[in-house]
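Below is one structure, written out as structure tokens; the observations come after it.
The values are calculated or read from the model by the stated rules, or taken from the named source; none is laboratory data. Treat the numbers as computed from the prediction; the structure is a model and nothing was measured. Backbone-built Cβ (ideal geometry, glycine too); neighbour counts: all protein chains shown.
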Amino acid sequence: MTEKINAIRGMNDILPDEAGLWEHFEDRVRGWVQAYGYRAIRTPILERTELFVRSIGAVTDIVEKEMYTFVDELNGESLTLRPEGTASCVRAAIEHNLLYSGPQRLWYWGPMFRHERPQKGRYRQFHQVGVEALGYAGPDIDAEHILMCARLWRSLGLEGVSLELNTLGGAEARARYRARLVAYLERHHDALDADSRRRLQSNPLRVLDSKNPDMQALLADAPQLVDDLDGASAGSFEALQKKLRTAGVDFVLNPKLVRGLDYYNGAVYEWVTDRLGAQGTLCAGGRYDGLIEQIGGKAAPACGFAMGVERLLALMKAGTAAARSAPDVYLVHQGEAADRAAERIAERLRDHGIDVLLHCGGGSFKSQMKKADASGARFAVIVGDDEAQAGLVSVKALRELTAQVRVALEDAVELVRKSERR
């Protein structure tokens, strides 16, 4: 027997029983971004490697360890499957002069790729929804992004999600802080783990993000960046906090929140949960005012965030999605005349915006009704030869204790739509 071929480890199929939850989430997201005036942008999955080296940072874990990179044999270019979406979005905005007509509110959805150790909520192919505001200075747009997230969590019925907030300040503040942090860490060099020693000179702020429990006491006493902020950065961060308090958004200041991408500056944040084990970050973002110029565009402020779809879906109630994915009508039919009419009736119902699952494959009325019930449909529309010849259909409610009725097709449409309005 031929050996079967399985999916690549960490790259998962989304099966029909799961797809309803994804579709429910996608529908909510589209309405949500539209409510805030964001427009969709779609970028290639494959980009030049230099884009991510220049934006994310050459000494970050993503670039050093996690990217899927290869050399194109046709032209010798180094190419990479995108590990995140912001760099591609900014590259597209620069390449197509989107900022020429003014600031842009953009959003995207799609798969990202990182060569990580697969575990629950952390996959090698994963999906993100990202929102980017290009050409906008804070803190009002920063507040808008955080309020957007809070609204989406409410819409999805998510519980146990909290907001952590910090600021990385401007370049001068980070330079001052970097010097103080390096001096502190060097005084405790023997207590650093191997990863922190490697990062000490190349990317010392990332030491603060260490998940090693043995490092936490040392990091608790480390200098804090807030002490090096200039007046403008401190004022902007305080204004953001004030806007969030006014809007009733709870948050916790986390001075060790630095984010894993080098392009961030100013306000940064993470939405986290304690209900997914070690993979507790659901959504993260912040300001990246230098990135547009860094990639080759004219300097402009910008900020954005991205959320991990798989992690969000893990918190959503599957029952809600299952109800959304079921058809309105399961169309049962038996008999020569009924079989000829069934397709036409199904199309007529669809013309009125009714989702119809047309039975295929034959079978008795009894077996078809079992399948109708199992489909999750709210109604069975039944067509036998008698109904077909009379130009009628029988309608049976599958989720309510009401009598089956024989009616004209137009009346069947009204029955189904009336049920939707209740």
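Annotations
- Residue satisfying all of: in region 175-203; small (Gly, Ala, Ser) and touching a residue at least 12 places away in the same chain (Cβ under 8 Å); farthest from Leu219 (Cα to Cα) among these: Ser202
- Test: Tyr177 is under 21 Å from Asn254 (Cβ atoms), of a type in the set (Ser, Thr, Tyr), outside the structural domain of Val29 (by TED's automatic domain parsing) and in contact with a Gly (Cβ under 9 Å, 6 or more places away or on another chain): yes
- When Arg340, Arg348 are checked against the criterion of being basic (Lys, Arg), in contact (Cβ under 8 Å) with a residue 60 or more places away in the chain and in contact with a helix residue (DSSP H, G or I) (Cβ under 9 Å, 6 or more places away or on another chain), Arg348 stands alone in meeting it.
- When Asp214, Asp228, Asp221 are checked against the criterion of being surrounded by 16 or more Cβ atoms within 10 Å (Cβ to Cβ), of a type in the set (Asp, Glu) and more than 23 Å from Ala150 (Cβ to Cβ), Asp228 stands alone in meeting it.
- The sole residue among Ala314, Ala388, Ala380, Ala397 that is surrounded by 14 or more Cβ atoms within 10 Å (Cβ to Cβ), in contact with a Lys or Arg (Cβ under 8 Å, 6 or more places away or on another chain) and within 30 Å of Gly160 (Cβ to Cβ) is Ala314.
- Residues in region 401-422 that are without any contact (Cβ under 8 Å) to a residue 60 or more places away in the chain and in a helix (DSSP H, G or I): Glu410, Asp411, Glu414, Leu415, Lys418, Ser419, Arg421.
- The set of residues in region 64-87 that are under 17 Å from Gly290 (Cβ atoms) and out of contact with any strand residue (DSSP E or B) (no Cβ under 9 Å at 6 or more places or on another chain) is empty.
- Boolean, Gly361 is in the same structural domain as Gln334 (by TED's automatic domain parsing), closer than 19 Å to Ala326 by Cβ and small (Gly, Ala, Ser): no
This table checks each residue for (1) buried (at least 17 other Cβ atoms within 10 Å of the Cβ); (2) basic (Lys, Arg); (3) on the phi < 0 side of the Ramachandran plot.
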| residue | (1), (2), (3) |
| --- | --- |
| Ala338 | yes, no, yes |
| Arg344 | no, yes, yes |
| Asp355 | no, no, yes |
| Ser364 | no, no, yes |
| Lys370 | no, yes, yes |
| Asp373 | no, no, yes |
| Gly376 | yes, no, no |
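- Subset of region 400-409 (residues that are in contact with a Lys or Arg (Cβ under 7 Å, 6 or more places away or on another chain) and closer than 21 Å to Arg344 by Cβ): Leu409
- Considering residues of region 59-100 that are in contact with an Asp or Glu (Cβ under 8 Å, 6 or more places away or on another chain) and among the polar types (S, T, N, Q) only, the residue surrounded by the fewest Cβ atoms within 10 Å (Cβ to Cβ): Ser78
- Every residue from region 376-413 that is in contact with an Asp or Glu (Cβ under 7 Å, 6 or more places away or on another chain), over 15 Å from Ala341 (Cα atoms) and among the hydrophobic types (A, V, I, L, M, F, W, C): Ala377, Phe379, Leu398
- Among the numbered conditions (1) outside the structural domain of Ala247 (by TED's automatic domain parsing); (2) under 27 Å from Lys65 (Cα atoms), the only one that Asp221 does not meet is (2).
Yes or no, residue by residue, for (1) farther than 15 Å from Leu313 by Cα; (2) modelled with pLDDT of 95 or more; (3) assigned by TED's automatic domain parsing to the domain that holds Trp22:
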{"site": "Trp107", "(1), (2), (3)": "yes, yes, yes"}
{"site": "Arg117", "(1), (2), (3)": "yes, no, yes"}
{"site": "Arg122", "(1), (2), (3)": "no, no, yes"}
{"site": "Ala133", "(1), (2), (3)": "yes, yes, yes"}
{"site": "Asp140", "(1), (2), (3)": "yes, yes, yes"}
{"site": "Glu144", "(1), (2), (3)": "yes, yes, yes"}
{"site": "Leu147", "(1), (2), (3)": "yes, yes, yes"}
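- For Leu158: the one exception among (1) of a type outside the set (D, E, K, R); (2) buried (at least 18 other Cβ atoms within 10 Å of the Cβ); (3) farther than 15 Å from Pro255 by Cα: (2)
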